[in-house]
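See structure below.
The values are calculated or read from the model by the stated rules, or taken from the named source; none is laboratory data. Everything numeric in this text was worked out from a predicted model, so none of it was measured. Every residue, glycine among them, receives a Cβ derived from its backbone with ideal geometry; neighbour counts consider all protein chains shown. Only protein heavy atoms, including side chains, enter the accessible area calculation; ligands, DNA and RNA are left aside. Shrake-Rupley method; radii C 1.70, N 1.55, O 1.52, S 1.80 Å.
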Amino acid sequence: MSELISTRDPSQSTVSYTDVILQGQAPDGGLYVPVSYPCLRKEDLEKLAGWSYGQQFADIKSLFARDLPLSVIGDIAYDTYSRENFPEALMGNITPVSHLAGGLYVQNLSLGPTAAFKDMALQPLAREMNHVLSRRGERLNLLGATSGDTGSAAEAPIRGLGALSLFMLSPLEGMSRFQRAQMGILTGENIHNISLNTRFDTCQDIVKQIMQDPEFRDLGAVNSINWGRIASQVPYYVSGYLQTIDMADMRIGDPVDFVVPTGNFGNALAGYIARQMGVPIRQLILATNENDVLHYLVQRGVYMERSAQITSSPSMDISKASNFERLLYDLLEGDAKEVSAFMREFQHTGRACFADFGISPTALKDKGFDSGSSSHSDRIKAIQWVYNHSGIIIDPHTADAVTVARQKHTDTDVPMVAMSTALPVKFEETIHEALGFVPKRETRFERLEEKGSAGFVELEVSTDAVKNYLRAHREQ
Ligand SMILES: *Cc1c(COP(=O)(O)O)cnc(C)c1O
């Protein structure tokens, strides 16, 4: 059953979910989007309200993964959202919502194995890929780049899977010691950690260049251009919505606002899709750090590339927001030629304006998006404010969301949920700066830095050096 199309393919030929997750980016350079969004009616939401997260996930995911049997999706959900993977999930609540103050809530998405929300989607994606490849008797080499969290979140579920090998590039600059150690301990078997003495953007560029080379056409992708990741993020908006409605004594159908700390626009795009499907999300507010490409885009209708600076919320240090192309496809009403023209302009000049493509400069605001940004000192204050009001310790990425939530939360009748995308243990220096102490670590993270300082191959910063490494180590 075929049902996804490339944002840049005017002929709109369709590709199945399972083929899409193995391919990553479309061969024409576009991103895969569903032909149409499935629907969640009020009755569906009422049905889902009493279910566990794993059950909600399987039910919603089956609407997207039409060519994976329901039993397979169910088994994957069961294995992924388990007590073993989410040891701190109280009463089995994998994505718990907590009340902060007034109408403000926080939804914790980072209770998974590597303490970042990327676990939520990479855990099932790895299992789906492995299932499909094993059925077909094939193997797949994956190539990715990480600014910190993607590395370990992809490696944890892929390690030891027979049908996959993963090559992960990471920069020497920008990552915390904790993040490096999380990756270092996973090296071995089918996991290759390659370190380059440069910044994340350069690692990402090398990945893109290699992917364009016909010799490496068969490499798969684990970054959020892979549609499988986006589809697996929709369920936690449903879970967050239902929990918030319940806590605020409201009814299913009443509106809720979400604030999403955003980088590559993957998470926020999943929120947009949840809303298109029928989840009563009123506003989707994008929170950026100093790298405010998306804030500028929402406010001005101009998509402009910047050179990314390293900040205290490093997983959002991006120079462009790749998944925006999927929203652009909707803004341009599915006109693949116009999407290609817009992206060509952006690639060549580093800038593209809505107005030049017949889109209103306020189109994103008209569609229910809003945005804000934060500085380092805003984040420090947000960490202090949340701790003083609720006793909860949030990480710097969540602090981006809380900063913007506090700016935007004016309508007290509509609850606002800030998404919490990493645990503070990953960024103890910033926590210490804000609070003067760091909380005691969970046993699973004790002395992690000492265990994983090795495990990286350092290569010369060049596309050829990485290609040579791949030639020598990829599985045929
Ligand atoms: C990746 C990441 C983000 C940004 O998510 P996108 O889907 O790329 O917008 C935010 N916070 C943390 C902790 C992350 O790891």
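Backbone geometry of the range 103-109 corresponds, through the Karplus equation with coefficients 6.51, -1.76 and 1.60 at θ = phi - 60°, to 3J(HN,Hα) couplings of x, 9, 10, 10, 10, 8, 10 Hz, x marking Gly and Pro. Need one word for the chain: rounded, prolate or oblate. Basis is the Cα gyration tensor (sqrt eigenvalues a ≥ b ≥ c); a/c below 1.5 gives rounded, then a/b vs b/c decides. Rounded shape, in that the Cα axes give a/c under 1.5.
Residues whose amide H falls under 5 Å from that of residue 370, counting only those 5 or more places apart or on a different chain, are 284, 285, 286, with hydrogens built in the peptide plane.
Helix content alone sets the calculated 222 nm mean residue ellipticity of the chain: runs of n ≥ 4 DSSP H residues at -39500 (n - 2.57) each, divided across all residues, give -12500 deg cm²/dmol. For the range 18-80, what class follows from the C-alpha gyration tensor (a ≥ b ≥ c being the square roots of its eigenvalues): rounded when a/c is under 1.5, otherwise prolate if a/b is larger than b/c, else oblate? Oblate. Backbone phi angles across the range 428-438, fed through the Karplus curve with coefficients 6.51, -1.76 and 1.60 (θ = phi - 60°), yield HN-Hα couplings of 5, 4, 5, 5, 5, 4, 7, 10, x, 8, 10 Hz in residue order; Gly and Pro are listed as x.
For the chain, the share of DSSP beta bridges that are antiparallel, to the nearest 5, is 25%.
A 1.4 Å probe run over the protein chains yields, for the chain, 38 Å² of accessible area per residue, whole-number rounding.
In straight-distance terms, cross-link reach from residue 408 covers every one of the lysines whose alpha-carbon lies under 20 Å from its own, apart from those fewer than eight places away in the same chain; here that gives 365, 367, 381.
Of all the accessible heavy-atom surface of the chain, with the other protein chains kept in place and a 1.4 Å probe, what percent is carbon and sulfur?
46 percent
Loop-located trypsin sites (Lys or Arg not before Pro) in the range 166-227 (DSSP state not H, G, I, E or B) with no more than 16 neighbouring Cβ atoms inside 10 Å: 217. Taking amide H positions as modeled 1.01 Å from N, with prolines and chain starts lacking one, the residues under 5 Å from residue 94 and 5 or more places away or on another chain are 53.
Comparing Cα centroids, the range 199-237 and the range 96-156 end up 14 angstrom apart. Using Cβ point charges alone (K and R +1, D and E -1), the dipole size of the chain about the Cα centre works out to roughly 200 debye. Highest mean packing first, where packing is the average number of other Cβ atoms within 10 Å per residue, the peptides 181-187, 330-336 line up as 181-187, 330-336.
Tally Lys and Arg at +1 and Asp and Glu at -1 over the other residues with C-beta under 14 Å from the C-beta of residue 420: what net charge comes out?
-2
Karplus-derived 3J(HN,Hα) values for the range 55-60, using 6.51 cos²θ - 1.76 cosθ + 1.60 with θ = phi - 60°, are 5, 4, 4, 4, 5, 6 Hz; glycine and proline are entered as x. Each Cα pair under 8 Å and six or more residues apart adds its sequence gap; the mean of these over the residue count of the range 72-149 is a relative contact order of 22 percent. Candidates 284, 241, 255 compared by Cα position along the dipole of the range 212-288: farthest toward the positive end lies 255, with charges placed on Cβ. Which of rounded, prolate or oblate describes the range 1-120 when judged by the alpha-carbon gyration tensor and an a/c cut-off of 1.5? Judged from the Cα gyration tensor, the range 1-120 comes out prolate (a/c at least 1.5, a/b above b/c). Across the options 58, 89, 457, the greatest Cα extent toward the positive end of the charge dipole of the chain (unit charges at beta carbon of Lys, Arg, Asp, Glu) belongs to 89.
Summing Lys, Arg as +1 and Asp, Glu as -1, what charge do residues with Cβ under 13 Å from the Cβ of residue 334 carry, residue 334 excluded? After counting each charged neighbour, the total is -3.
What does the charge add up to near residue 43, with Lys and Arg as +1, Asp and Glu as -1, over the other residues with Cβ less than 15 Å from its Cβ?
+1
The range 47-75 and the range 398-474 have their alpha-carbon centroids 28 Å apart.
Mean separation of Cα pairs under 8 Å and 6 or more residues apart, divided by the residue count, gives the range 368-476 a relative contact order of 22 percent.
Take 389-398, 414-423 and order them by the average number of nearby Cβ atoms within 10 Å per residue, most first; the result is 414-423, 389-398.
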